[in-house]
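Asker: Mind having a look at this structure? Questions to follow.
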Amino acid sequence: MENKKAVVSLGHEALGYTTAQQKDAVARTSKALADLVEAGYQLTITHSNGPQVSMIHKAMTELHRIYIDYTAAPMSVCSAMSQGYVGYDLQSSLKSELSKRGIERTVSTILTQVTVDPYDEAFYSPTKSIGRYMNREDADNEIKKGNFVKEVPGKGFLRIVAAPKPLHIVELDAIKLLSDAGQEVIACGGGGIPVLDQDHNLKGASAVIEKDSIAGKLAADLNAETLIILTSVPCVYESFGKDEQKPIEKLTLDQAKEYIEKKEFGEGNMLPKIEAAVTFLEANPKGSVLITSIDRVKDALKKKAGTIITY
């Protein structure tokens with residue numbers, strides 16, 4: 001069996017939104033991942049964690065509110081918790097699926113920290129909602145702590161955090177070591193735990209890192225042959241959601257950049273994926289990017305689905 005290195009990025013659909021949904025979703029996702037392993041890929045898997053980290057943040061905040069002796073967990077700790085439990089479900093399910101197919105391969109999860117710039121512009125204009133809806137009093141208390149909140153008409157207030165760009169994957173050497181040994185690796189979950197490097201000390205940052213952003217960097221840093229982004233649609237579309245919508249089977253790096261310039265892709269869905277492709281291909285011109293859905297992986301491997309982006 002060949003051992004082509006691929007970084008696989010999993011979105012919300014691959015994991016579900018609750019602990020119960022996650023079990024079912026991960027079982028389905030593991031079949032698609034096992035298809036890639038059977039096709040000769042060594043996988044380094046990263047994943048989203050929006051619903052998961054938000055759930056953990058709500059639970060820890062409520063625990064502190066009801067039992068004052070319990071300390072509210074900072075965002076970095078919530079992120080670490082989400083990496084652990086999502087990684088556990090993924091590695092357990094993928095290991096089982098591979099074993100069913102007669103493939104004995106170690107699957108490991110690496111708790112991953114990623115440094116960010118404390119002066120990143122994102123810290124001055126946070127956009128990512130986190131946690132529960134609050135009343136005015138709770139929102140004012142968050143503001144007094146130095147946190148940002150936004151009002152959602154008719155629902156209350158939500159805390160919002162920054163989404164800075166990733167600078168350095170702290171555990172990259174460990175990820176490379178396992179990848180080179182032919183293991184399937186789960187790393188940089190939820191974009192990684194954002195940390196600030198302050199005088200050789202890593203301090204957790206009150207932020208999140210975009211999953212697609214770290215996927216492009218991880219693929220570049222590992223010098224992977226392929227970046228595979230599994231999302232909710234079978235391919236990239238031009239004029240998505242409009243009457244003139246049409247699938248895009250192939251893109252070059254320059255064409256992808258042109259589409260970005262023309263604001264062809266939505267900021268909350270396809271744009272971060274195309275930007276991740278650009279990051280990867282600029283660092284590794286010999287690589288390729290595949291964007292497709294979990295259900296169409298087998299078809300994509302036969303070039304019957306998906307969008308391929310090359311330099």
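The values are calculated or read from the model by the stated rules, or taken from the named source; none is laboratory data. All figures in this text were calculated on a predicted structure; none of them were measured in a lab. Note: ideal-geometry Cβ built from the backbone for every residue, glycine included; neighbour counts use all protein chains shown.
Asker: Hey, could you check the range 92-125 for residues that are under 18 Å from the mean Cα position of the chain (by Cα) and assigned to a loop (DSSP other than H, G, I, E, B) and say which is surrounded by the most Cβ atoms within 10 Å (Cβ to Cβ)?
Answerer: Filtering the range 92-125 for residues that are under 18 Å from the mean Cα position of the chain (by Cα) and assigned to a loop (DSSP other than H, G, I, E, B), the one surrounded by the most Cβ atoms within 10 Å (Cβ to Cβ) comes out as Thr112.
Asker: Restricting the search to the range 142-187, which residues are surrounded by 13 or more Cβ atoms within 10 Å (Cβ to Cβ), of a type in the set (Val, Ile, Thr) and not in a helix (DSSP H, G or I)?
Answerer: Within the range 142-187, Val149, Ile160, Val161, Ile169, Val170, Val185, Ile186 meet the criteria.
Asker: Identify, by number, the condition in (1) surrounded by fewer than 17 Cβ atoms within 10 Å (Cβ to Cβ); (2) at pLDDT 95 or above that Lys242 doesn't meet.
Answerer: For Lys242, the exception is condition (2).
Asker: Taking the range 103-149 on its own, how many of its residues are closer than 26 Å to Ala59 by Cα, charged (D, E, K, R) and in contact with a strand residue (DSSP E or B) (Cβ under 9 Å, 6 or more places away or on another chain)?
Answerer: Of the residues in that region, 6 qualify.
Asker: Of the residues that sit in the range 81-137 and are of a type outside the set (Val, Ile, Thr) and in contact with a Phe, Trp or Tyr (Cβ under 8 Å, 6 or more places away or on another chain), which one is farthest from Leu158 (Cα to Cα)?
Answerer: Step by step, filter the range 81-137, then rank; the result is Pro126.
Asker: Among the residues of the range 14-37, write down those that are surrounded by fewer than 17 Cβ atoms within 10 Å (Cβ to Cβ) and among the basic types (Lys, Arg).
Answerer: If the condition is that a residue be surrounded by fewer than 17 Cβ atoms within 10 Å (Cβ to Cβ) and among the basic types (Lys, Arg), then Lys23, Arg28 are the ones that fit.
Asker: Tally time: how many residues in the range 188-205 are surrounded by 20 or more Cβ atoms within 10 Å (Cβ to Cβ) and not hydrophobic (A, V, I, L, M, F, W, C)? Can you show your working first?
Answerer: Looking only at the range 188-205, we keep the residues that are surrounded by 20 or more Cβ atoms within 10 Å (Cβ to Cβ), and these are 188-195, 205.
Those still in the list that are not hydrophobic (A, V, I, L, M, F, W, C) too: 189-192, 194.
Result for the range 188-205: 5.
Asker: Of everything in the range 63-91 that's among the β-branched types (Val, Ile, Thr) and assigned to a helix (DSSP H, G or I), which residue is farthest from the chain's Cα centre (by Cα)?
Answerer: Applying the filter and picking the extreme gives Ile66.
Asker: Keeping to the range 62-91, report how many residues are within 12 Å of Glu184 (Cβ to Cβ) and of a type in the set (Gly, Ala, Ser).
Answerer: Qualifying residue count, the range 62-91: 1.
Asker: Additional query: Restricting attention to the range 38-55, and to residues there that are surrounded by fewer than 23 Cβ atoms within 10 Å (Cβ to Cβ) and of a type in the set (A, V, I, L, M), which single residue is farthest from Thr292 (Cα to Cα)?
Answerer: Among those residues, the one meeting the criterion is Met55.
Asker: Sticking with this one: Just for the range 220-267: of the residues that are assigned to a loop (DSSP other than H, G, I, E, B) and of a type in the set (A, V, I, L, M, F, W, C), which one is farthest from Ala6 (Cα to Cα)?
Answerer: Looking at residues that are assigned to a loop (DSSP other than H, G, I, E, B) and of a type in the set (A, V, I, L, M, F, W, C), I get Phe240.
Asker: For the range 261-298, what are the residues that are aliphatic (A, V, I, L, M) and farther than 13 Å from Leu230 by Cα?
Answerer: Leu271, Val278, Leu281, Ala283
Asker: Still on this structure, please answer the following. So Met60 ticks every box in (1) hydrophobic (A, V, I, L, M, F, W, C); (2) surrounded by 14 or more Cβ atoms within 10 Å (Cβ to Cβ); (3) free of Cβ contacts under 8 Å to residues at least 24 places away in the same chain; (4) not in a helix (DSSP H, G or I) but one. Which box is left unticked?
Answerer: (4)
Asker: I've got another one for you. Restricting attention to the range 268-287, and to residues there that are modelled with pLDDT of 95 or more and assigned to a loop (DSSP other than H, G, I, E, B), which single residue is nearest to the chain's Cα centre (by Cα)?
Answerer: Met270
Asker: In the range 1-19, which residues are of a type in the set (Gly, Ala, Ser) and in contact (Cβ under 8 Å) with a residue 60 or more places away in the chain?
Answerer: Ala6, Ser9, Gly11, Ala14 - these are the residues of the range 1-19 that are of a type in the set (Gly, Ala, Ser) and in contact (Cβ under 8 Å) with a residue 60 or more places away in the chain.
Asker: Inspect the range 271-292 for any residue being aliphatic (A, V, I, L, M) and without any contact (Cβ under 8 Å) to a residue 24 or more places away in the chain and give the result as yes or no. Steps first, please.
Answerer: Applying the first criterion (aliphatic (A, V, I, L, M)) to the range 271-292 yields 271, 274, 276-278, 281, 283, 289-291.
Filter again for without any contact (Cβ under 8 Å) to a residue 24 or more places away in the chain, leaving 271.
Yes: the range 271-292 contains one or more residues that are aliphatic (A, V, I, L, M) and without any contact (Cβ under 8 Å) to a residue 24 or more places away in the chain.
Asker: With the requirement that a residue be closer than 14 Å to Asp89 by Cα, of a type outside the set (Gly, Ala, Ser) and touching a residue at least 60 places away in the same chain (Cβ under 8 Å), what does the range 20-48 give you?
Answerer: The answer is Gln22, Lys23, Val26, Arg28, Thr29, Lys31, Leu33, Ile45, Thr46, His47.
Asker: Next question. So which of Leu43, Leu33 is among the aliphatic types (A, V, I, L, M) and in a helix (DSSP H, G or I)? Give the derivation first.
Answerer: On the way: Leu43 fails: in a helix (DSSP H, G or I).
On inspection, the qualifying residue turns out to be Leu33.
Asker: If you don't mind, there's one more thing I want to ask. So, in the range 33-61, of the ones that are among the aliphatic types (A, V, I, L, M) and modelled with pLDDT under 95, which residue ends up nearest to the chain's Cα centre (by Cα)? Can you show your working first?
Answerer: Initially, the range 33-61 is screened for residues among the aliphatic types (A, V, I, L, M), giving 33-34, 36-37, 39, 43, 45, 53, 55-56, 59-60.
Now restrict to residues that are modelled with pLDDT under 95: 53, 55-56, 59-60.
Numbers: Val53: 12, Met55: 16, Ile56: 17, Ala59: 22, Met60: 22 Å.
Filtering first and then ranking leaves Val53.
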